[in-house]
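Below is one structure, written out as structure tokens; comments come after it.
The values are calculated or read from the model by the stated rules, or taken from the named source; none is laboratory data. On a predicted model such as this, the values are computed, not experimentally measured, just so you know. Here the Cβ positions follow ideal geometry from the backbone for every residue, glycine too, while neighbour counts run over all protein chains shown.
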Amino acid sequence: MNFRLGRLGIAAAILFAQAGAAQAHIVASRLGDFYAGALHPLTDLQDIILWVAMGVLAGSLGAVRGRWLVLVFPLGLLAGLVLARISGALSAGPAMNAGMILALGLLLAAAARIPTALLCAIAFGLAVMRGAANAGDLGPETDRLLFAAGLACAGYAAITLIMALTLAFRRPDAGTSLEWRGIAVRAFGGWVAAIGLMMVGFALAS
Amino acid sequence: MSSRIFASLLAVIGALVLAQPALAHEQTGVGGGLIRGLLHPLTGMDHLIAMIAVGIWGAQLGAPAIWVLPITFPLVMAFGGVLGVLRIPLPMPEVVIALSALILGAAVAMRLRLPFAAAAIVVAVFAVFHGHAHGAELPSAADPLAYGVGFVVATGLLHLCGIAIGTLTRWPAGERLIQGLGVVIAALGGYFLAQSFGAAA
């Protein structure tokens with residue numbers, strides 16, 4: 001009886017050992033490159049910090065100024081992707097990325113009321129930089145159209161959601177009782193600027 | 001004998017079941033760098049108590065210190081971090097870090113009400129030294145960016161923790177409790193100071 005139980009146990013354990021992870025998504029099938037484009041920036045910490053900082057900056061300036069980024073940011077990503085494919089320049093370099101983190105952080109920490117045109121120019125420049133950096137994942141077999149569509153959709157969704165969340169959090173019309181929220185956004189900017197400053201130092205040192 | 005083989009077999013199969021694939025993507029250092037950065041200010045007692053004391057003192061001083069502090073402190077500390085990254089030495093860093101806990105603890109214990117500019121200068125000097133100690137570790141981190149994120153977030157959260165504790169000053173009993181905490185921080189700072197002199201001797 002014990003021997004049979006032992007054999008059953010071994011058989012069960014071998015079955016467990018053989019089991020692989022279930023791949024329930026369609027990443028590896030015909031829309032795989034769309035997901036590759038959409039997910040690639042979300043797996044890079046630099047993209048996450050820069051996109052979040054950009055979204056928070058636009059959201060802290062209000063809906064009227066920030067709403068332009070819904071269009072400008074994804075277009076910039078596409079422009080960067082195309083530019084990288086044409087010119088072969090894939091990355092702006094660590095110092096440039098760190099400098100951008102520092103600049104966005106300082107603008108947030110200082111609660112700078114920058115004009116809409118300047119905000120759009122910064123967002124477009126950042127998106128071109130990051131679009132070009134994300135082009136590094138394009139292989140010879142990658143469907144470029146699907147990859148670009150995925151990247152643009154991710155940029156659109158991320159920047160819109162972050163701006164909306166910042167606007168909802170700030171509620172500048174709520175009066176003095178919620179002033180601390182503006183301070184919290186500025187403190188977040190201080191954190192971002194600190195990270196950027198250290199990375200500028202690191203880029204200069206290496 | 002057969003039972004031993006059976007047990008060994010089960011152990012081997014168990015190890016196979018628990019095995020995870022190794023991922024060689026360049027972002028695999030993010031987790032390690034982030035955790036190291038988060039833990040660096042938390043595992044060094046001298047850093048931890050000084051950061052909490054900064055938050056409490058800011059809360060005791062009230063506006064504008066209470067809101068200028070969380071905005072500017074990380075930036076000043078990052079400046080010290082850059083000096084550390086660039087391997088620019090600072091004089092007696094261990095002594096000054098221990099001194100920061102002693103002085104900030106004493107300021108909390110005595111409810112020292114310095115003018116805002118003077119308090120800002122005191123805190124800024126200490127921030128540079130604390131940042132230097134953290135920044136020196138950055139180049140060797142698995143992912144320097146993640147390490148930077150981790151240590152800035154941990155430091156900011158320690159300040160917030162200090163500010164939250166500092167809000168107890170609204171009640172007389174809370175004020176006494178905070179002053180007692182200041183005495184403990186100052187005493188620990190004194191201990192670290194003596195230790196750093198001992199290490200230097």
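Please verify whether B:A120 is closer than 15 Å to B:G55 by Cβ and modelled with pLDDT under 90, treating the condition exactly as stated.
Judged against the criteria, B:A120 is a match.
How many residues are of a type in the set (S, T, N, Q) and farther than 28 Å from A:R181 by Cα if we restrict to region A:94-152?
The total comes to 2.
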>> modelled with pLDDT of 90 or more, more than 14 Å from chain A (Cβ to nearest Cβ), crowded, with 24+ Cβ neighbours inside 10 Å and closer than 25 Å to B:P64 by Cα: is that true of B:A106 in this structure?
In response: no
> Using beta carbons and a limit of 7 Å, which pairs, at least six apart or on different chains, have the first residue in region A:179-202 and of a type in the set (D, E, K, R) and the second one not in a helix (DSSP H, G or I)?
Replying inline: A:R181/A:R171; A:R186/A:A111
> Looking at B:G81, is it in a helix (DSSP H, G or I), at the interface with chain A (Cβ under 10 Å from one of its Cβ atoms) and either within 19 Å of B:S196 (Cβ to Cβ) or in contact with a Phe, Trp or Tyr (Cβ under 9 Å, 6 or more places away or on another chain) (or both)?
Replying inline: yes
>> Any residue at all in region A:132-150 that's touching a His at 6+ places or on another chain (Cβ under 6 Å), within 14 Å of chain B (Cβ to nearest Cβ), under 16 Å from A:D47 (Cα atoms) and of a type outside the set (S, T, Y)?
In response: yes
>> Take B:A173 and tell me if it is modelled with pLDDT under 90, assigned to a helix (DSSP H, G or I) and away from chain A (no Cβ under 13 Å).
In response: yes
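Rundown of residues vs (1) within 12 Å of another protein chain (Cβ to nearest Cβ); (2) buried (at least 23 other Cβ atoms within 10 Å of the Cβ); (3) among the acidic types (D, E); (4) in contact with a helix residue (DSSP H, G or I) (Cβ under 6 Å, 6 or more places away or on another chain), yes/no style:
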| site | (1), (2), (3), (4) |
| --- | --- |
| A:A152 | no, no, no, yes |
| A:A158 | no, no, no, yes |
| A:I162 | no, no, no, yes |
| A:R186 | yes, no, no, yes |
| A:G190 | yes, yes, no, yes |
> Somewhere in region A:4-21, is a residue under 26 Å from B:G148 (Cβ atoms), touching a helix residue (DSSP H, G or I) at 6+ places or on another chain (Cβ under 9 Å) and either part of a loop (DSSP other than H, G, I, E, B) or at pLDDT 85 or above (or both)?
Replying inline: no
> Is there any pair linking a residue in region B:34-47 that is in a helix (DSSP H, G or I) to one that is surrounded by fewer than 23 Cβ atoms within 10 Å (Cβ to Cβ) and charged (D, E, K, R), with Cβ under 7 Å and at least six apart or on different chains, and which?
Replying inline: B:H40/B:E137
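Condition (residue is within 13 Å of another protein chain (Cβ to nearest Cβ) and either out of contact with any helix residue (DSSP H, G or I) (no Cβ under 7 Å at 6 or more places or on another chain) or in a helix (DSSP H, G or I) (or both)) applied to region B:109-128: is it met by at least one residue?
The answer is yes; a qualifying residue exists.
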